[in-house]
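Got a structure for you, written out below as structure tokens; questions coming shortly.
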Amino acid sequence: QVRLVESGGGLVHPGGSLRLSCAASGITFSIYTMGWYRQAPGKQRELAAAITFGGSTNYADSVKGRFTISRDNAQNTVYLQMNSLKPEDTAVYYCKATLAAIGYWGQGTQVTVSS
């Protein structure tokens, strides 16, 4: 059974930081591309950041320079370090594991940026 479990969300003030974690089980984690997606109220889900099995990264323009995605294949975990957070970063953040046409989603974790 495949499980992706996100953690680390919460309420933070503008300018603050959070670190999200996504622990995977039931897959050969090291060969999957891992991504962090987010969905704000009333908006479509969008890719925030992704990292390939080889460590190449890709970021949405809106988070470049502020967010950093990384992975630990020994721990089957992908991280998203979020700095200089803005109110517009408020969303549910989802972890996704992708291999060709196969995709698995986590349940999401809420991030709220507010003063």
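Using a 1.4 angstrom probe and counting only protein chains, how large is the accessible area of VAL92 in Å², to 10?
Counting only protein heavy atoms, VAL92 exposes about 40 Å² to solvent.
Follow-up question, since we're still on this one. Given points 7 Å out from each Cα along the Cα-Cβ axis, report the ASP61 to TRP105 separation in nanometres with one decimal.
Here the modelled spin labels are 2.6 nm apart.
A further question follows. From the square roots a ≥ b ≥ c of the eigenvalues of the alpha-carbon gyration tensor of segment 27-115, which class results: rounded (a/c under 1.5), prolate (a/b over b/c), or oblate? Working shown, then result.
Numbers: a/c = 2.00, a/b = 1.59, b/c = 1.26.
Cα axes put segment 27-115 in the prolate bin.
Using the Cα gyration tensor of segment 65-107, with a ≥ b ≥ c the square roots of its eigenvalues, what is the shape: rounded (a/c below 1.5), prolate (a/b larger than b/c) or oblate (neither)?
Working: a/c = 2.55, a/b = 1.52, b/c = 1.68.
Oblate shape, in that a/c is at least 1.5 and b/c is the bigger or equal ratio.
Run down the lysines and flag those whose C-alpha is under 18 Å from the C-alpha of LYS64, throwing out any fewer than 8 positions away in its chain.
Straight-line reach from LYS64, under 18 Å: LYS86.
Multiply the residue separation of VAL5 and ARG19 by 0.36 nm, subtract the distance between their alpha-carbon atoms, and state the gained length in nm to one decimal.
Values: separation 14, 0.36 × 14 = 5.04 nm, distance 1.40 nm.
Stretched fully, the VAL5-ARG19 segment lengthens by 3.6 nm.
Can you compute the modelled spin-label distance between LYS43 and ALA74, with each label point 7 Å from Cα toward Cβ, in nm?
3.7 nm
Over the chain, average the accessible area per residue using a 1.4 Å probe and give it in Å², no decimals. Don't skip to the answer; put the middle values down first.
Working: 5960 Å² over 115 residues.
Per residue, the chain has 52 Å² of solvent-accessible surface.
Give me the net charge for the shell around TRP36: Cβ to Cβ below 14 angstrom, other residues only, Lys and Arg +1, Asp and Glu -1. Write out the running numbers ahead of the final one.
Details: positive: ARG19, ARG38, ARG45, LYS64, ARG66, ARG71, LYS96; negative: GLU6, GLU46, ASP89.
Taking every other residue near TRP36 into account, the sum is +4.
The values are calculated or read from the model by the stated rules, or taken from the named source; none is laboratory data. What you are looking at is a predicted structure, and each value in this text was computed from that prediction instead of being measured. Virtual Cβ from ideal backbone geometry, glycine too; neighbours counted across all protein chains shown. All accessible areas refer to the heavy atoms of the entire protein, side chains included, with ligands and DNA or RNA removed. Shrake-Rupley method; radii C 1.70, N 1.55, O 1.52, S 1.80 Å.
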